[in-house]
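Input: a single structure, listed below in C-alpha cells.
The values are calculated or read from the model by the stated rules, or taken from the named source; none is laboratory data. Note that the structure is predicted; figures quoted are calculated from it, not measured. Here Cβ is always computed from backbone atoms with ideal geometry, including for glycine, and neighbour counts include all displayed protein chains. Side chains are part of the model used for accessible areas, which takes the heavy atoms of the whole protein and leaves out ligands, DNA and RNA. Shrake-Rupley method; radii C 1.70, N 1.55, O 1.52, S 1.80 Å.
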Amino acid sequence: MPSAAGPVAVASAAAAAAAKAPGTPAVGISPELYPSEDDLPYEEEILREPFKLKGWWRYLVARAAAPFAKRAVIYERSLKALPGSYKLWHAYLRERLDHARPHPIDHPAYSSLNNTFERALATMHKMPRIWVLYLTSLLDQRLLTRSRRAFDRALRALPVTQHDRIWPLYLRLASFPACPVETSLRVFRRYLQFDPSHAEDFINFLISASRWQEAADRLASVLNDDGFRSVKGKTRHQLWLELCEILTKHADEVAGLKVDAILRGGIRKFTDEVGKLWTSLADYYVRRGLFEKARDVFEEGVSSVVTVKEFSVVFEAYTQFEQSMLAAKLEAAEEEGAEDEDGGGGRKNGMDKLSKKFLDEFWLNDEDDTDLRMARFERLLDRRPELLSSVLLRQNPHNVEEWHRRVKLFEKDPARQVATYVEAVKTVDPMKAVGKPHTLWVSFAKMYEKHNRLDSAEDIFKRATQVNYKAVDHLASIWCEWAEMELRHSNFDKAIELMRQATAEPSVEVKRRAAAEGNEPVQMKVHKSLKLWSFYVDLEESLGTVDSTRAVYERILDLRIATPQIILNYAYLLEEHRYFEDAFKVYERGVKIFKYPHVKAIWVTYLTKFVQRYKRSKLERARELFHEAVQQAPPDEKRPLYLQWAKLEEDYGLAKRAMNVYDEAVRAVPNSEKMAMYEIYIARAAELFGVPRTRQIYEQAIESGLPDRDVLTMCMKFAELERSLGEIDRSRAIYVHASNYADPNNSDFWKKWNDFEIQHGNEDTFREMLRIKRTVAASRSQTHFILPEYLMQRDQRLNLDEAVDTLKRAGVPEDEMAALERQLAPGPSTAPPAAPSAAPASANRMMNFVSAGVEAQAESSRQQAANNEDIELPDESDDEEPDVQIAEKSVPAAVFGELGKRAAESQEESSGAQENEQLGALERIKRRRQ
C-alpha cells in the first residue's frame, strides 16, 4: 500500500504530465485538470503499470463524462506511454474531431486537431482509417494545398491495395470549384493510371472544365479501345454521339482529329441514328465556315438515308440551313445599304468600285447572290417528293408501285420519265418484285405511244417479251398489250400475227436446251396461257374467218386449257353459223371434260338448245341426255334437270313418262327439296290425270320420310282434298294420323281439325278429337303422366273409360292398370243412380250438335237450342255439361245414296275395330264390378 504521501505524489506527477502536454500552457493550469480523489485508484494503477493499455482504457471509460480538456490530458499521458496504440489514437482523434466540429474553421481547435493528426501519423502512417479521418477533416477545412500534400503522403505511405480508400476523397478535392484546373487535371490523370475504367469521370470533368480538345482525345481513345466497358452503363453509340457533339459544337477548339472520318465511321457503324450523325457532320462544317461543304454533306445525307424518319431529320436540318443562309444574306445586305446611306468608307468604296469595274463580267464574283440562295431554297422544297421517293426505293428497289409513283412526279418532264423508266426496268428483278413488274414495261411503251413513237414502243414490247418473269400471266399480258396497241392503230393483221407468234409452241430443240439448263423460263410455257388464247380467239372471231376461229378453238381444246365459258362460246359460234350438230358435239366434249359444279352451265345450255332444236323428232336421244345429266349431277343439283326433263315429256312425250320423271325426282332430290318437289308433282298430276290420281302421291309423300313439319303439312292438304271429294271418314282418318306429328301448340292444325269436326262431325267424333289432343299433349309433356297417383291429383273428374284409355295408350302394364281400376271403381255409396234405359245416349249429348234427325221435346219448360255457327265447347269432362236431352231419329238410306252406304260400311269397320281394341281393360272392370 502506498504511504500517506502517495496521493500527493500522484497528483504532482499528473500535473507535471499535463504541463508537458503539447498545446497546453506551462503555467496557469486549471485545478479541474488535476486528478481528484476519485481518480486515485486509476492513477495508482497506471503508475504501477504505465505500459498496459488496459489501465489507461479503464481510466478513460470511467471518466467518459469528464470535460474534454481533462480527457485530453489522460489521452496525452497514455499516448506518451503507448505511442503505437491504434485504439487510443483513433479514439483520441474522433473525440478531437467531435470537439472541433461545432467551431468555425479558423478556430484554434482545428489547428490543435491537425497537429494531433500529424503526431498520430508519425506512428500510424500505415493505418488507412487515420488517413481517411485526417483527409476528410482537411477537406472540410478547405485547406487545398495542405490537403493535396496530405493525399500525396497518404498514397505514398499506404500500399496500392488500399488506395481505393483514398482516391474518392482525392477526386472530391479535384472537383472543388476553388481547386485549380491544372491541379484537378493532374489528379484525374494520376487516378486513370490507378483505375483506367473510370475514364468517363475524367471526360465529364474535361467537358465541365471546357477542355474540349482533351475531352475529344479521351473520347476517341475510349471508342478505339474495343475492351472498354462503361461503368455508367453507356453504350458505344451514346459515346459516339457525345464525341460528335463535341466535335461539331466546338469545331474551332478541337484539332488533330479527323472529324470527317470519325463521323462517317459512325454513320457506317450506327445505322439507327444516321440522320443525327449527318446533321452533326454538316454542323461541323458550318461552324468552320465551310458552307458549300456543309451543303454537300446535306445533299449526301438526303441521298443516302434509307428510312423516312432519318430523311425527315436530315431534310429539316437542310431546310433550316438554307433558310438561315438566306436570312443572313438579307441581313448583311440591309447593313451594307445602311452604311452606304451614311456615306462612310470613301477609299474603301473606291477600291470596291475599281474591283467591280474589272470583275463585273464574272458572275462568280457577284456578292449579291440573294436570288441564287432563294432559288436554292425553293428548289430544295420542290425536290422533297422526289427525294422521299428515292428513300422508299432505297428501302426496296423492287417495289413496282413506288416506281410508278416516281414516274408520276415527272409528268411535265418526259425526259425524266424516260430516264426513270429505264432505271426501273434495269433495277427491278422480276423474281423479287413486289407487284407486277410487267406493268413497268407496258407503261413505258404507252408513254412512247402517247407521243406517237410506235417504233420505240414496239422495241420496248419486244424487249419486254424476252424478260424472264416470275409468272406466265405477266408475259401473256405483255403480248396482249402489244396486240391491243396494234389494234388501236388499225394494224389488224399484225395483231393477229403477234397472237400467232405468242401462242406458237416452242420447238423440240428449244425445249431440250431449256431442260438441259434446268431453269425453264416462262417463254416455254406461255403458249398454254388461257389469257393469250382467249384474246387470240376474240381477234379471230372479230377479224378472221369461221374456219380460222374454229381452228383456234380446236387448238384450245387440244391443249386442255379450255374453260366452261370457252365451250359455251365455241358452241354459240357454231350455232350462229348454223353448225348445230357440230355445236352439240362441242357440248358433248364439254360435259366429258368437266365435272360438277363447272359442268352445270354446259348441261343446262346443252339440254335447252337440244330440246329447242329437235323438239319431238329426237325424243329418245333427249331422254338419254337427260338421264345422263341427272346421273352425273349431285343431289342438290338434280331438281332443275328433272323439272326440265318432265317439261320435255309433258310437251313432246307422254304424260305417264312425265309422272315417272316426277316420281323419280322426289326420290332423288335431297330432303330439304322433297316437299317442294311433291307439291309440283301433285299439281301436275292433278292437272294431267285429275284430283283422285293425287291420292297415291299424297300417301307416298306421307310415308317417304319427310320431316314431321312437312308430313303434317302434307296430311292437312290430303285431308282437305278428301273433304272436298266428300270422303269425310278418310279425311278424319288422315287428321288422326297427322296428330302423331302435330305439336300441341300448333294452333293451325288443331283449329282446322276443330272446324272440320264442327262442320262434318258429331259429338262422338269431337270427343275423340279432344281425347287425342289431350293424349298428344300428355305424350309431349316432360312430366310423367303415367303415374296413377299423379293422374288422380291432376284430373279427378276424368271418367273411368278415359283414364283407362289414356293409360293404355301410355303403355302402362296390365298389373298397374288393374290396380288403377280398383282405385277408380266407385263404391256402393258413391255409385250414381241408374239412368233410364229409354234414352241412354241422349242424356249425355252436348248442345249445338245436330245429328241426322232431331225431334222437339214435348215438355213446354224446355226450349230448342239455337244452332249457331260459332260453337264453344268446354274442355272439361262430361260431368259439368248441362243435362240437355236431344232425341235422334234415323235418316232413310235413300237420302245419302251410294255415298251413305260407303260411309256406313266404313263406320261399321271402324266401330268393330274400336271394340276389338277396347276389349280387355273395360271388360275386366265390368266383371269386377259384378
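Computed quantities for the displayed model
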quantity	calculated
Out of Ala683, Ala701, sole residue that is free of Cβ contacts under 8 Å to residues at least 12 places away in the same chain and either closer than 30 Å to Lys656 by Cβ or open to solvent by 20 Å² or more (accessible area, probe 1.4 Å) (or both)	Ala683
Residue within the range 601-611 that is over 30 Å from Phe689 (Cβ atoms) and among the basic types (Lys, Arg) present	yes
Answer from Asp710, Asp743, Asp729 - the residue that is open to solvent by 20 Å² or more (accessible area, probe 1.4 Å), part of a loop (DSSP other than H, G, I, E, B), touching a residue at least 24 places away in the same chain (Cβ under 8 Å) and not small (Gly, Ala, Ser)	Asp743
Residue check for Pro168: over 23 Å from Phe202 (Cα atoms) and at pLDDT 90 or above	no
Residue match in the range 69-81 (condition: of a type in the set (Asp, Glu), modelled with pLDDT under 85 and assigned to a helix (DSSP H, G or I))	no
Test set (1) in contact with a helix residue (DSSP H, G or I) (Cβ under 9 Å, 6 or more places away or on another chain); (2) assigned to a loop (DSSP other than H, G, I, E, B); (3) not basic (Lys, Arg) - Ala65 fails condition number	(1)
Selection within the range 268-310 - in contact (Cβ under 8 Å) with a residue 12 or more places away in the chain, open to solvent by 60 Å² or more (accessible area, probe 1.4 Å), within 20 Å of Arg384 (Cα to Cα) and not hydrophobic (A, V, I, L, M, F, W, C)	Lys276, Glu300, Ser303, Lys309
Filter result for the condition that a residue is among the β-branched types (Val, Ile, Thr), modelled with pLDDT of 90 or more and open to solvent by 20 Å² or more (accessible area, probe 1.4 Å), over Val467, Val422, Val510, Val442	Val422
In the range 715-726, the residues that are at negative phi and in a loop (DSSP other than H, G, I, E, B)	Leu725
Residues of the range 625-638 that turn out to be closer than 14 Å to Val591 by Cα and assigned to a helix (DSSP H, G or I), as a count	8
Members of the range 151-199 found to be of a type in the set (S, T, N, Q), in a helix (DSSP H, G or I) and open to solvent by 50 Å² or more (accessible area, probe 1.4 Å), listed by number	Thr161, Gln162, Gln193
Hits in the range 564-591 - residues which are open to solvent by 80 Å² or more (accessible area, probe 1.4 Å), under 25 Å from Lys647 (Cα atoms) and not aromatic (Phe, Trp, Tyr)	Lys585
Residue in the range 9-18 that is under 27 Å from Ser137 (Cα atoms) and either at pLDDT below 90 or touching a helix residue (DSSP H, G or I) at 6+ places or on another chain (Cβ under 7 Å) (or both) present	yes
Gly275 vs. criteria at pLDDT below 85, closer than 18 Å to Thr248 by Cα, touching a Ser or Thr at 6+ places or on another chain (Cβ under 8 Å) and not charged (D, E, K, R)	yes
Condition broken by Thr694, with the remaining ones in (1) modelled with pLDDT under 80; (2) open to solvent by less than 40 Å² (accessible area, probe 1.4 Å); (3) farther than 24 Å from Leu641 by Cα satisfied	(3)
Matching entry among Asp272, Asp217 (being of a type in the set (D, E, K, R), touching a His at 6+ places or on another chain (Cβ under 9 Å) and part of a helix (DSSP H, G or I))	Asp272
Residue in the range 113-135 that is nearest to Trp89 (Cα to Cα), counting only those that are open to solvent by less than 40 Å² (accessible area, probe 1.4 Å) and among the hydroxyl-bearing types (Ser, Thr, Tyr)	Thr116
Residues of the range 641-651 classified as open to solvent by 40 Å² or more (accessible area, probe 1.4 Å) and either out of contact with any Lys or Arg (no Cβ under 9 Å at 6 or more places or on another chain) or touching a residue at least 40 places away in the same chain (Cβ under 8 Å) (or both), total	3
Evaluation of Lys595 against (1) charged (D, E, K, R); (2) under 30 Å from Lys511 (Cα atoms); (3) surrounded by fewer than 18 Cβ atoms within 10 Å (Cβ to Cβ); (4) out of contact with any Ser or Thr (no Cβ under 9 Å at 6 or more places or on another chain) (one fails), failing number	(2)
Ala261 being under 30 Å from His163 (Cα atoms) and modelled with pLDDT of 80 or more	no
